[in-house]
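Colleague: Below is one structure. I have some questions about it.
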Amino acid sequence: MRPDRFVVAALAVLVCSVSPAMSQSQPPSLPNAAPWDQAFLPPAPAWDGASKALLRDASDPWATAFEADPAHDFSPNYVDTRAWFDRLDQASGLIRIEQFGISPEGRPIYAVIASKDGATFDPAKPVLMIQAGIHPGEIDGKDAGMMLLRDIAFYGKDALLDRVNLILIPILSVDGHERSGPYSRPNQRGPRIQGWRNTATNQNLNRDYLKLDQAEMRAVRGLILKYRPDLYVDVHVTDGMDYQYDVTYGFNGENGTFSRSPNASAWLDATFKPAMNAALEAEGHIPGELVFGQDDDDPKAGLNDGGLGERFSNGWGAAAHVPTILIENHSLKPHEQRVLGAYVFIEEALRLLADQGAALRAATERDKALRPAEIPANFEQEDTPSSTRTFKGIRYDMVDSAASGRKEIRWLGQPDPEPWALPYYSSQPTLTLNRPAAYWVPGYRSDIIERLKAHGIEMETMAAPRTVGVSMLRLIDPKLATRANEGHIQTSVETVEVEPRDWIFPAGSVRVSTDQPLGDIVVLLLEPQSSESFFAWGMFPEVLSRVEYIEPYAIAPLADRMLAAEPALKAEFEAKLAAEPDFAADPHARLAWFYERTPFYDDRYLLYPVARED
């Protein structure tokens, strides 16, 4: 049988064995059709952590589907998850469900709120928000949250809510969660039925924190603005190299590196991280800093921070002054181990906020008052390592592969007793943006205005046309990307020229001051050179189109008259001819050069319509 037919046949057998059970409330049986049982993954080190005591027996009426599964390798679907939470809501006065959005396919997006305050939070209490399922295959936070909320409601942990409130988003990308099956994440060990990484509109929500394209992200931003969490935890499962750590997590500004919220980052470094690591280790977990391998083919080539951009939750959180932790549980650890690690993490975060939340809130307020004159942007990985990290690695061999025709990594599942000393590559800014007093957005760009409002950015709206003295930006040689990214054709520009203008802004235009807590985000969104800006995401294509042209029979005599009448222009032209042979040999380029210097040329070509008030 041809290999492609074998694959199709094997897949068909496996899908038939799994699909009927997927529609049931009970977890499906493990498929038996090798090699699709993920036997190709490296072995997992043996683990018997103390946190296993958190599991309740399948006979318990409040056992979750994850706990009821004999292998602890199952996560329930959207309908069954919601039914379980509805039952918990009805049975406990501590739990309530709040819908805060609708997905593109029409599914309610909801949060589960645990509080002793009733419908209105005590403003003195810190708020912890846990978000699961922004990537639905990485669903550990949902199963851990179900267990912990159950234990708060019925099994003696209600004191956790005495001095703090909890908001759990069990599934953010609800449509991706329901595009589920056994083939979503081949590099991850369980759960055996997993959701799909992207949404119904094929978008990666963890690239949408700043541009706010998607309904899911606008909804969660609204929820954050409503409840103002003191700590926001985004729960993922990582890919990449094997290592000993099972719970890795990080935040912008860790270890004293740059952060747009330096005071909150210092609190996370000095107070949160040591206590969290101790709690995880006490329960048998191995916490580690959030790092990524430098070279997939060479595990010892080094580590990097994975990028600090504001399109990600941790980068956005630092810019928005919402203390944010990104958890990346290790994909090669069993689902059970990862879920229990997430449970310990959430519980300890509640305890820490109860005891130390006032200090974090004070640090955040100091960050909100910052108004840096210069804003670093466009972070890229440095070329040379800045430090060396001690790393708990897993032993591996390099094995000949008939498929690839070279040696490939074969992880052995055995902790290396000798810590690795690895070079660490951090991210550095490649651009510094000056902070203007304000920006002016024309009223006809209501789409941009609405995105700014969705962020919670303050602005003044013009009831009538207004003429304003502003600085307009002329874009020099912008470049279009050659392929789409997240539904956009991105645009980049390295150089701009500032042109003072008296500009008429129509009714509905807005003045957006940078003297506000979200002022850094305003700059990052509205400066076209920012790689996180609306312009960079291709949302101003109209400025790239030139209107009106001139025929050679008209520009040639006009250009000759210009040469004769303007000695300085003639000198500039002759210098360009001498310096650029290609230009000198191109009659159309030569005439175009003169056209650009006439008043007939389109004055708004490459003129960015968002103005700066300096």
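A quick yes/no check of all residues on (1) out of contact with any Ser or Thr (no Cβ under 8 Å at 6 or more places or on another chain); (2) at pLDDT below 95; (3) of a type outside the set (A, V, I, L, M):
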site: Leu161; (1), (2), (3): no, no, no
site: Ser173; (1), (2), (3): no, no, yes
site: Gly176; (1), (2), (3): no, no, yes
site: Arg185; (1), (2), (3): no, yes, yes
site: Pro191; (1), (2), (3): no, no, yes
site: Leu205; (1), (2), (3): no, no, no
site: Tyr209; (1), (2), (3): no, no, yes
site: Ala219; (1), (2), (3): yes, no, no
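Colleague: Taking Phe345 as meeting all but one of (1) surrounded by 24 or more Cβ atoms within 10 Å (Cβ to Cβ); (2) out of contact with any Ser or Thr (no Cβ under 9 Å at 6 or more places or on another chain); (3) in a strand (DSSP E or B), write down the number of the exception.
Modeller: In the conditions (1) surrounded by 24 or more Cβ atoms within 10 Å (Cβ to Cβ); (2) out of contact with any Ser or Thr (no Cβ under 9 Å at 6 or more places or on another chain); (3) in a strand (DSSP E or B), Phe345 misses (3) alone.
Colleague: Next question, about the same structure. Being under 29 Å from Tyr595 (Cβ atoms), surrounded by fewer than 18 Cβ atoms within 10 Å (Cβ to Cβ) and in contact with a Phe, Trp or Tyr (Cβ under 8 Å, 6 or more places away or on another chain) is true for just one of Arg501, Arg474, Arg466. Which residue is that?
Modeller: On the way: Arg501 fails: in contact with a Phe, Trp or Tyr (Cβ under 8 Å, 6 or more places away or on another chain); Arg466 fails: under 29 Å from Tyr595 (Cβ atoms).
That would be Arg474, the only listed residue that is under 29 Å from Tyr595 (Cβ atoms), surrounded by fewer than 18 Cβ atoms within 10 Å (Cβ to Cβ) and in contact with a Phe, Trp or Tyr (Cβ under 8 Å, 6 or more places away or on another chain).
Colleague: Could I ask something else about it? For the range 47-75: of the residues being part of a loop (DSSP other than H, G, I, E, B) and among the aromatic types (Phe, Trp, Tyr), which is least open to solvent (accessible area, probe 1.4 Å)? Quick ask: steps written out before the conclusion?
Modeller: So the first thing to find is which residues in the range 47-75 are part of a loop (DSSP other than H, G, I, E, B), and the list is 47-49, 55-64, 69-75.
Keeping just the survivors that are among the aromatic types (Phe, Trp, Tyr) gives 47, 62, 74.
Values: Trp47: 51, Trp62: 32, Phe74: 14 Å².
Ranking the candidates gives Phe74 first.
Colleague: Do any residues in the range 179-205 that are open to solvent by 30 Å² or more (accessible area, probe 1.4 Å) and assigned to a loop (DSSP other than H, G, I, E, B) have Cβ atoms under 6 Å from those of residues that are modelled with pLDDT of 95 or more and among the basic types (Lys, Arg), where the two are at least six apart or on different chains, and which pairs are they?
Modeller: Matching pairs, first to second residue: Trp196/Arg179.
Colleague: Kindly indicate which of Pro436, Pro415 is more than 30 Å from Leu290 (Cβ to Cβ) and surrounded by 12 or more Cβ atoms within 10 Å (Cβ to Cβ).
Modeller: Values: Pro415 fails: more than 30 Å from Leu290 (Cβ to Cβ).
Being more than 30 Å from Leu290 (Cβ to Cβ) and surrounded by 12 or more Cβ atoms within 10 Å (Cβ to Cβ) holds for just one of Pro436, Pro415, which is Pro436.
Colleague: What's the total number of residues in the range 206-257 that are part of a helix (DSSP H, G or I) and touching a His at 6+ places or on another chain (Cβ under 9 Å)? Reasoning before the result, please.
Modeller: Taking the range 206-257 as the starting set, the residues that turn out to be part of a helix (DSSP H, G or I) are 206-207, 215-227, 254-256.
Imposing the further condition that a residue be touching a His at 6+ places or on another chain (Cβ under 9 Å) reduces the set to 206, 221, 225.
Final tally of qualifying residues: 3.
Colleague: Being assigned to a loop (DSSP other than H, G, I, E, B), farther than 30 Å from Arg361 by Cα and open to solvent by 10 Å² or more (accessible area, probe 1.4 Å) is true for just one of Gly106, Gly156. Which residue is that?
Modeller: Details: Gly156 fails: farther than 30 Å from Arg361 by Cα.
Answer to the check: Gly106.
Colleague: Counting only residues that are over 20 Å from Ala349 (Cβ atoms), surrounded by 14 or more Cβ atoms within 10 Å (Cβ to Cβ) and not aliphatic (A, V, I, L, M), how many does the range 109-132 have? Full working, then the answer.
Modeller: Step one: of the range 109-132, the residues over 20 Å from Ala349 (Cβ atoms) are 109-110, 118-120.
Retained after the next criterion (residues that are surrounded by 14 or more Cβ atoms within 10 Å (Cβ to Cβ)): 109-110.
Applying the additional criterion that residues be not aliphatic (A, V, I, L, M) yields 110.
Within the range 109-132, residues that are over 20 Å from Ala349 (Cβ atoms), surrounded by 14 or more Cβ atoms within 10 Å (Cβ to Cβ) and not aliphatic (A, V, I, L, M) number 1.
Colleague: Give the range 504-514 a look and list any residue that's open to solvent by 40 Å² or more (accessible area, probe 1.4 Å), assigned to a strand (DSSP E or B) and either in contact with a Lys or Arg (Cβ under 8 Å, 6 or more places away or on another chain) or not basic (Lys, Arg) (or both), or say none. Explain how you work it out, then say what you get.
Modeller: If we filter the range 504-514 for residues that are open to solvent by 40 Å² or more (accessible area, probe 1.4 Å), which is where we start, we get 504, 506-507, 511.
Narrowing the set further to residues that are assigned to a strand (DSSP E or B) leaves 504, 511.
If the condition is that a residue be open to solvent by 40 Å² or more (accessible area, probe 1.4 Å), assigned to a strand (DSSP E or B) and either in contact with a Lys or Arg (Cβ under 8 Å, 6 or more places away or on another chain) or not basic (Lys, Arg) (or both), then Ile504 is the only one that fits.
Colleague: Out of the range 421-441, which residues are in a strand (DSSP E or B) and out of contact with any Gly (no Cβ under 9 Å at 6 or more places or on another chain)? Outline the logic, then answer.
Modeller: Restricting attention to the range 421-441, the residues satisfying the condition of being in a strand (DSSP E or B) are 421-425, 427-434, 438-441.
Once the filter is applied, which keeps residues that are in a strand (DSSP E or B) and out of contact with any Gly (no Cβ under 9 Å at 6 or more places or on another chain), the range 421-441 yields Ala421, Gln428, Pro429, Thr430, Leu431, Thr432, Leu433, Asn434, Ala438, Tyr439, Trp440, Val441.
Colleague: What number of residues within the range 442-490 are outside any strand (DSSP E or B) and hydrophobic (A, V, I, L, M, F, W, C)?
Modeller: Our first condition is that a residue be outside any strand (DSSP E or B); within the range 442-490, this holds for 442-459, 462-465, 477-478, 481-484, 486-487, 489-490.
Applying the additional criterion that residues be hydrophobic (A, V, I, L, M, F, W, C) yields 448-449, 452, 454, 457, 459, 462-464, 481, 484, 489.
Qualifying residue count for the region: 12.
Colleague: Kindly evaluate Thr384 against the criterion of being outside any strand (DSSP E or B) and open to solvent by 10 Å² or more (accessible area, probe 1.4 Å). Lay out the reasoning, then the answer.
Modeller: On the way: outside any strand (DSSP E or B): yes; open to solvent by 10 Å² or more (accessible area, probe 1.4 Å): yes.
Considered against the rule, which asks whether it is outside any strand (DSSP E or B) and open to solvent by 10 Å² or more (accessible area, probe 1.4 Å), Thr384 comes out as yes.
Colleague: For the condition of a type outside the set (S, T, N, Q), open to solvent by 60 Å² or more (accessible area, probe 1.4 Å) and either touching a strand residue (DSSP E or B) at 6+ places or on another chain (Cβ under 8 Å) or touching a residue at least 24 places away in the same chain (Cβ under 8 Å) (or both), what is the one hit in Pro541, Pro517, Pro528?
Modeller: Working: Pro517 fails: open to solvent by 60 Å² or more (accessible area, probe 1.4 Å); Pro528 fails: open to solvent by 60 Å² or more (accessible area, probe 1.4 Å).
The match here is Pro541.
Colleague: Any idea which of Ala275, Ala320 is at pLDDT 95 or above, hydrophobic (A, V, I, L, M, F, W, C) and over 28 Å from Thr432 (Cα atoms)? Outline the logic, then answer.
Modeller: Working: Ala320 fails: over 28 Å from Thr432 (Cα atoms).
Criteria check complete, one pass: Ala275.
Colleague: Please specify each residue of the range 277-299 satisfying the condition of being among the aliphatic types (A, V, I, L, M) and out of contact with any helix residue (DSSP H, G or I) (no Cβ under 9 Å at 6 or more places or on another chain). If you could, list the steps in order and put the result at the bottom.
Modeller: Filtering the range 277-299 for residues among the aliphatic types (A, V, I, L, M) gives 278-280, 282, 286, 290-291.
Passing the criteria: only Val291.
The values are calculated or read from the model by the stated rules, or taken from the named source; none is laboratory data. Remember, predicted model here, so these are calculated numbers, not experimental data. Cβ sites come from the backbone with ideal geometry, for glycine too, and all protein chains shown count toward neighbours. To get the accessible areas, we keep the full protein, side chains included, count just its heavy atoms, and leave off ligands, DNA and RNA. Shrake-Rupley method; radii C 1.70, N 1.55, O 1.52, S 1.80 Å.
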